[in-house]
Amino acid sequence: MKKLSFLLLGVLLVGLINAQTFINEDFSAGTMPPDGWNQLPLTSGWNNNPTADAGGISPECVFEGFNYTGTARLITPSVNMNSTDTAAFVFKHSYVKSGSGVTIGVASRNGGDWVSIWEKTPADDILAEEVSILLTGDEITGSYFQLCFYIEGNLSNVSKWNIDDVLFFAPKVFDAKLSSIMIPSVISNPAPVVASVLNLGNEVVNDIDVSWISYGGIEHDSTFSGLNLGFSETATLNFTGSWASPMGSHDLQMYINSVNGTNDNDQTNDTLVKTIEYQSVSYPVMPLFEEFTSSTCAPCASFNAQFVPWCNTHADEIVLLKYQMNWPGAGDPYYTAEGGTRRAYYGINAVPDLIGMGTNINTSTAAADAVLAQAQQMTTTFDIASTFTMTGTNIDITTNILSFANTSSMKVHNVVIEKITTGNVGTNGETSFEHVMMKMFPNGNGASKSFTSGVPEQFTFSYDLATTNVEEFDDLMVVVFIQDPATKQVYQAAYGLDGTVFSNEARLASLTLDGVEIEGFDPDIYEYTVELPEGTVEEPVLGSVPMDENATIVTNMAFAVPGTATVDVYAEDLITTKTYKVNYYIDYVGKEEINASNVKVYPNPAKDELMLSGFTAADVRVVSSSGQVVLQKNGFRGGNLDISKLKRGVYFINIRLEDNQTVNKKIIVL
């Protein structure tokens, strides 16, 4: 646990259990200013935006800078504070600067002048954070009390100040708030479970009990002690276990059970749910550049004098495709109707023009650099393996595509290009042309395809190129790209080369559990049964190594014990697959109980709750008669155990004490 302080407060906090909320604004109404608020002295700058950059939920309040020097305020409704001696103002925000010397802050007043209560002059951008401000005594007196956000200075030096989840309230005695679940929104491996908790109450928080629910439905309960959190202080909570799920988006739920051994006075902020997308496999993005050009276009020659050397420098980092257009003048003789289809799709009305990953960009190497830099920070769920063979003038193309995400209908384009052409020389002075489109399959509109995660798709085309503009039949390549027809975003691109052979080896060289090879493993045996030790809740780490280093491995956890985990192996050709299964089981039924007379579990039979006693701390697991772990409490100190969600039947309760002694009891749930 790492303790952080948001605000140093050297005051004694006094409050009531029954707190009062004066202002609660999340900007969800979509209006600016919100009802009862004002923006003065300026009536512009503050907007309601469909973003969540402050760390809340869309929409949010955003101040966007403009050419003005002075102060802009967003003012809350007035509140009568005559009967309140302690109040807290909490908000989320982030800041993006475009210059320096601008001050942001929060101020208060009671019908008079504004007095700053929080202020920053950012030298750098401020990432999303939550700010808590405590007001006491004379700071909150008056029947016409107001607060405001203000920003002052040269407002053109502001890009954006994002604000959300504004709360003004009188603190309760015990009020711990789950601030955030600190797992990335997109993960590709099991992630440690980490959260932050904020004390919004008057009393110091020393102990807090928090649970999170695994994808498999197991409740992981942890008690964090020795926090010593004063008002507005936060702690980072590191839980045991990791979050993992099948591919796709799934919700992780977390909630506070108790604060300092008692109920939290405000349970409205005790629960968080975060949607986390699990991408078990992702690939680097190969950016596609599409140029519209012509041998009769003088500006095209000027641009290509810069762009062609840039493309050669980055030949291994990009995919390049050029469409010759039929204007200006007579136009390029290598123009085709399929090129015209692409022109109409993008709305091209001038040459040269450049498309980077489906977006129209400036015809400059600086713009191309920006697209390449962006692509190098991205990943995609698509991989492409394409090859072709030539028999005389006939081309046979085979393209395999593997996606690890379910998609709506995409467009798959297979495009024959010639590396260098010279037969289309026109009037602009260029004597050779690179990566010229010769034929598109199945046509200029591409092939429509909806992809299913983990299911390979194959596209084959055969065509006699004798009627095309091809000059040298041994100078061809294939460009393959996958595009969203609605947004025009290109998700992945690749070259297909003549005669490339991709391996079809999809077997494993090893299969391990917690680093130890599974007994009897054989690359040609695809299913194994493994007995796990009694008391096992978290499944072991299933490891594997492919025979071919270019194969792709996807491990699918069981998420329950007993259960079945699988390893899917996709060969380099992306079409050949093998699946290995590992079946886990635990033989709970018939185990003898360890005689530990001081440990009591009652009543039995039981309904809704059990009483556990005779120990100071233990890891408790309730297991169904089939061996399924249905309830887990780590560090349980005894007392009532809630079993109200269990179905009627026979269960086994496994109690592992601090000295690792294990007690097993059979119970009946009514």
#### Entry: Paired Rg and Dmax values of region 60-111, which use every Cα atom, in angstrom
14.6, 43
### Query
Using the Cα atoms as the points, what is the convex hull volume per residue of region 190-278 in Å³?
89 Å³
## Note on the structure
Checking every Cys Cβ in the chain against the others at 4.7 Å leaves as unpaired 61, 148, 311
### Summary
Length gained if residue 143 through residue 463 is fully extended, taking 0.36 nm per residue and subtracting the Cα-Cα distance, is 106.9 nm
## Note on the structure
Per its Cα gyration tensor (rounded if a/c is under 1.5, else prolate when a/b beats b/c, else oblate), region 88-138 is best filed as oblate
### Query
Considering only DSSP beta bridges with both partners in the chain, what is the antiparallel share in %, to the nearest 5?
90 percent
### Query
In the structure shown, do any of 411/581; 92/172; 419/449 have a Cα-Cα gap over 31 Å, and if so which?
411/581
### J(HN,Hα) series, region 397-407, from Karplus relation 6.51 cos²θ - 1.76 cosθ + 1.60, nearest Hz, glycine and proline x
10, 10, 10, 10, 10, 10, 10, 10, 8, 6, 10
### Message
Per 0.36 nm of contour for each residue apart, how much would the distance between residue 204 and residue 43 grow if the chain were fully extended, relative to their Cα-Cα spacing?
### Response
53.7 nm
### Query
What is the spin-label model distance, in nm, from residue 370 to residue 213 if the labels are put 7 Å beyond Cα along the C-beta direction?
4.5 nm
### Task
Taking all protein chains together and a probe of 1.4 Å, list 633, 581, 160 from the most accessible to the least accessible.
581, 160, 633
## Note on the structure
Counting only protein heavy atoms with a 1.4 Å probe and every protein chain in place, the carbon and sulfur fraction of the accessible surface of the chain in whole percent equals 48 percent
### Task
Kindly sort 621, 507 by accessible area of their heavy atoms, largest first, with the probe set to 1.4 Å.
507, 621
## Note on the structure
Here the Kirkwood hydrodynamic radius of region 629-670, Cα-based and in Å, equals 11.6 Å
### Query
Just the Cα atoms of region 259-305: what Rg and Dmax do they give in Å?
28.7, 81
#### Entry: Heavy atoms of residue 471 accessible to a 1.4 Å probe, total area in Å² rounded to 10
60 Å²
### Query
Lys/Arg Cβ at +1, Asp/Glu Cβ at -1, dipole of region 293-380 taken about the Cα centre: which of 346, 360, 321 is farthest positive-ward?
346
### Message
Could you derive backbone 3J(HN,Hα) for region 295-307 from the dihedral phi with the Karplus parameters 6.51, -1.76 and 1.60 (θ = phi - 60°), listing whole Hz in sequence and x where the residue is Gly or Pro?
### Response
6, 9, 10, 4, x, 5, 5, 5, 5, 5, 4, 9, 6
### Residue-span extension gain [residue 267 to residue 449] - 0.36 nm each, minus C-alpha spacing
60.8 nm
### Task
With N denoting the number of residues in region 436-500, provide Rg(C-alpha) divided by 2.2 N^0.38 Å, to two decimal places.
1.28
### Task
For residue 607, go through the lysines and keep the ones whose alpha-carbon is under 17 Å away, minus same-chain ones fewer than eight residues off.
645, 647, 665, 666
### Message
If you average 1/r across every pair of different Cα atoms in the chain and take the reciprocal, what Kirkwood value do you get, in Å?
### Response
30.2 Å
### Query
Averaged per residue, what accessible area in Å² does the chain show with a 1.4 Å probe, protein chains only?
44 Å²
### Task
For 413, 435, give the ranking by accessible area with the largest first, probe 1.4 Å.
435, 413
### Query
Say R0 is 35 Å: what FRET efficiency, to the nearest 0.05, do residue 616 and residue 531 get from their beta-carbon distance?
0.65
### Task
If a/c stays under 1.5 just call it rounded; otherwise compare a/b with b/c (prolate if a/b is bigger, oblate if not). Do that for region 139-228, with a ≥ b ≥ c from the square roots of the Cα gyration tensor eigenvalues.
oblate
### Task
Please express the shape of region 345-426 as an equivalent ellipsoid: the semi-axes are the square roots of 5 times the eigenvalues of the C-alpha gyration tensor, given largest first in whole angstrom.
25, 24, 13
### Summary
Residue by residue through region 283-288, the couplings from Karplus 6.51 cos²θ - 1.76 cosθ + 1.60 with θ = phi - 60°, in Hz, x for Gly and Pro, are 10, x, 8, 9, x, 9
## Note on the structure
Checked region 294-348 with the C-alpha gyration tensor, a ≥ b ≥ c its square-rooted eigenvalues, rounded below a/c of 1.5, otherwise prolate if a/b is larger than b/c and oblate if not; verdict oblate
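The values are calculated or read from the model by the stated rules, or taken from the named source; none is laboratory data. Bear in mind the structure is a predicted one, so any value in this text is a computation, not a measurement. Cβ: placed from backbone, ideal geometry, glycine included. Neighbour counts: every protein chain shown. All accessible areas refer to the heavy atoms of the entire protein, side chains included, with ligands and DNA or RNA removed. Shrake-Rupley method; radii C 1.70, N 1.55, O 1.52, S 1.80 Å.
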